[in-house]
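Undergrad: One structure, as structure tokens, below. Some questions next.
The values are calculated or read from the model by the stated rules, or taken from the named source; none is laboratory data. Owing to the predicted nature of the structure, the values given are computational and were not obtained by experimental measurement. In this analysis, Cβ positions are derived from the backbone assuming ideal geometry, glycine residues included, and neighbour counts consider all displayed protein chains.
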Amino acid sequence: MALQLRRKTHESVVYIDRDSAPRIIPSGEDFILEDLPIGTRVLYPNPSIKGLPNREAAIRYALNHPHGCDPLFAQLEPSMKVTVAVDDISLPLPPMATPDIRQTILEVVLDMLAGHGVDDVHIIIANSLHRKMTEWEMKRMVGPRIFADYYPDRYYNHDAEWSDGLIKIGETKHKDPLVLNRRAAESDLLIYVNINLVPMDGGHKSVAVGLCDYESLRMHHDPQTIRDSDSYMDPARSALNHKVVQLGKIVDRELNVFHIETAINNRMYGADMDFLLRNEDDFSAFDRMKFEAMRYTMSKLPRPARRKLLHSRPAQYEMIACHAGKTEPVHEKIVAKGFEQYAIPIRGQADILITGIPDISPYNVYSILNPLLVQVMALGYHFNFYRNKPLLKKGGVLILHHPCYDEFDHQFHPSYIEFFHRLLPETRDAFTLREKYEREFANNPSYVEMYRRGNAYHGAHPFFMWYWGENGRQHVGRVIAAGAENAHVPAILGWERADNLTEAIAMARSYMGNSAEITMLHQPMIGVADME
């Protein structure tokens, strides 16, 4: 068997050399077994880096030994106004087992603030144009003690549509505005608490994106910027990252920001389900029994029950690094640690790229993975899991496995419904959609109200989700949805469909030739193909 090894103890890249080599593929709320052709290259996640033995001690050390500035305790005075901003529920995925890392950091930070007589403290969730977190989600993230002490007056979601709660702090050399949360901007000290799940998280993005308004966000969440990002997971080659850095420098010039960034490993499952991350060839008899039991159980449940069951299983992520201080030196160390966990050395691009689509994305926590989000996962995230150059050749075929059901969450994604059923049948051109319809949705009074008073994503959010797949759409020749339960969803998205993976591979080979090189991204997986 031909292998490329990242570590001696684990096969990160496997070439299938048998007539029948079934692999587990997530497909919405289901897990299926599919045979892959001989010679298929399968990318598996790297083994989990061992978590730090004492999370709290590592956090305290970071606060007392920051990069580029004085220790946190040395910056505190009793009369200060301090705001602590935290990442929202969009990461990590799935939501991690409690206590959440954010809870541990907040407990340390808030005790330090209280010990120095600082009592004007607010905690703001940096949700940007994402949906506001529910009361239950907010309590789960910070724990009952902090929740009781701060919610709702001093622990709340950012509101990108509350004009009185926003303030312009500057603009770029291209006259792009940066409007931020007023409480955060007018604080004597802004502390940002970050969990870095992938290389595009954290750094200047935390404040400049997480606490901004719609007009600020649309300046870099646009089709051309996404086309020029090669890829999101490679910050040095990401136009989106470059624009965000420009805004972040304004933040660091105008505000006093103390960053606390953490890196986590990829230990998504506990012992009962960690077999899903391994090479199927290495399954024990007990692993196979567990898989069959899981598959049988899932087959007997209605779709909402399967979704609820999967979303109820918290991830077992462990913290592998914590750094604090100024934005850039902190982020540089955290990104390096992240690549240590995720980078998989690869040689040679594929003609055909296969990926299952799991049920969860940053934008459907405790909700439905609607068709627009299936597109985001396929052409936005999974296509962009590379560094240096794409894993898929220009004009290649992307095969995704998902039922592509036509379902939407009316509470969380109301504007998605209109975008998908009204706009995409008219045009899939991202530039036309931006110029003709984006502001209409952004300023729609109903969507604004549902964002502000409810738990809906901002009216403009489905546009950003469509743009998110723009570089993938420009690169990929064809997209085939294997296992799609209907024809109209793939058609609206501009895709072809196949009943199963075998049929999809045959279709792809008819376009690319029988000798086409096939690569599969084993899911669930967070990894970055480090292309030579």
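Undergrad: Do you know which residues across segment 294-310 are among the small types (Gly, Ala, Ser) and either touching a Phe, Trp or Tyr at 6+ places or on another chain (Cβ under 9 Å) or in contact (Cβ under 8 Å) with a residue 40 or more places away in the chain (or both)? First the steps, then the outcome.
TA: Start the filter on segment 294-310 by keeping residues that are among the small types (Gly, Ala, Ser), which leaves 299, 305.
Passing the criteria: only 299.
Undergrad: If you check 479, 448, which single one turns out to be more than 18 Å from residue 220 (Cα to Cα), in contact with an Asp or Glu (Cβ under 6 Å, 6 or more places away or on another chain) and not in a loop (DSSP other than H, G, I, E, B)?
TA: Values: 479 fails: in contact with an Asp or Glu (Cβ under 6 Å, 6 or more places away or on another chain).
After ruling out the rest, the residue left standing is 448.
Undergrad: If we scan segment 87-103, do we find a residue that is more than 30 Å from residue 26 (Cα to Cα) and of a type in the set (Val, Ile, Thr)?
TA: Checking segment 87-103: not a single residue is more than 30 Å from residue 26 (Cα to Cα) and of a type in the set (Val, Ile, Thr).
Undergrad: Please find, within segment 151-201, the residue that is nearest to residue 267 (Cα to Cα) out of those that are in a loop (DSSP other than H, G, I, E, B) and small (Gly, Ala, Ser).
TA: 160
Undergrad: Right, something else. Can you confirm whether residue 497 is in contact with a helix residue (DSSP H, G or I) (Cβ under 8 Å, 6 or more places away or on another chain), more than 30 Å from residue 92 (Cβ to Cβ) and in a loop (DSSP other than H, G, I, E, B)? Quick ask: steps written out before the conclusion?
TA: Values: in contact with a helix residue (DSSP H, G or I) (Cβ under 8 Å, 6 or more places away or on another chain): yes; more than 30 Å from residue 92 (Cβ to Cβ): yes; in a loop (DSSP other than H, G, I, E, B): no.
Spelling it out, it is not the case that residue 497 is in contact with a helix residue (DSSP H, G or I) (Cβ under 8 Å, 6 or more places away or on another chain), more than 30 Å from residue 92 (Cβ to Cβ) and in a loop (DSSP other than H, G, I, E, B).
Undergrad: Of the residues 53, 92, 47, which single one is part of a loop (DSSP other than H, G, I, E, B), surrounded by 19 or more Cβ atoms within 10 Å (Cβ to Cβ) and either of a type in the set (D, E, K, R) or modelled with pLDDT of 90 or more (or both)?
TA: Working: 53 fails: surrounded by 19 or more Cβ atoms within 10 Å (Cβ to Cβ); 47 fails: surrounded by 19 or more Cβ atoms within 10 Å (Cβ to Cβ).
Every option except 92 fails the conditions.
Undergrad: Right, something else. Quick one: is residue 145 farther than 30 Å from residue 336 by Cβ, surrounded by fewer than 22 Cβ atoms within 10 Å (Cβ to Cβ) and charged (D, E, K, R)?
TA: Yes.
Undergrad: Still on this structure, please answer the following. Just to be sure before I move on: is residue 187 at pLDDT 95 or above, in contact with a strand residue (DSSP E or B) (Cβ under 8 Å, 6 or more places away or on another chain), under 26 Å from residue 235 (Cβ atoms) and of a type in the set (Ser, Thr, Tyr) in the structure I sent? Can you show your working first?
TA: Details: at pLDDT 95 or above: yes; in contact with a strand residue (DSSP E or B) (Cβ under 8 Å, 6 or more places away or on another chain): yes; under 26 Å from residue 235 (Cβ atoms): no; of a type in the set (Ser, Thr, Tyr): yes.
No.
Undergrad: Taking into account only those residues within segment 268-292 that are of a type in the set (Gly, Ala, Ser) and at pLDDT 90 or above, which is nearest to residue 198 (Cα to Cα)? Break it down into steps so the answer makes sense when it comes.
TA: Quick first cut of segment 268-292, residues of a type in the set (Gly, Ala, Ser) only: 270-271, 284-285.
Right, trim to at pLDDT 90 or above and you get 284-285.
Values: 284: 31, 285: 33 Å.
Step by step, filter segment 268-292, then rank; the result is 284.
Undergrad: Could you say which residue among 146, 124 is part of a helix (DSSP H, G or I), touching a helix residue (DSSP H, G or I) at 6+ places or on another chain (Cβ under 9 Å) and either touching a residue at least 40 places away in the same chain (Cβ under 8 Å) or over 25 Å from residue 456 (Cβ atoms) (or both)? First the steps, then the outcome.
TA: Details: 124 fails: part of a helix (DSSP H, G or I).
Only one candidate passes the filter, namely 146.
Undergrad: Being of a type in the set (Val, Ile, Thr), more than 26 Å from residue 366 (Cα to Cα) and surrounded by 15 or more Cβ atoms within 10 Å (Cβ to Cβ) is the filter here; which residues of segment 400-451 pass it?
TA: Narrowing segment 400-451 to residues of a type in the set (Val, Ile, Thr): 417, 427, 432, 448.
Narrowing further to those that are more than 26 Å from residue 366 (Cα to Cα): 427, 432.
Those that are of a type in the set (Val, Ile, Thr), more than 26 Å from residue 366 (Cα to Cα) and surrounded by 15 or more Cβ atoms within 10 Å (Cβ to Cβ): none in segment 400-451.
Undergrad: Does residue 469 fit the bill of being small (Gly, Ala, Ser), modelled with pLDDT of 95 or more and within 27 Å of the chain's Cα centre (by Cα)? Please lay out each step first, then the result.
TA: Working: small (Gly, Ala, Ser): yes; modelled with pLDDT of 95 or more: yes; within 27 Å of the chain's Cα centre (by Cα): yes.
So residue 469 fits the description; yes.
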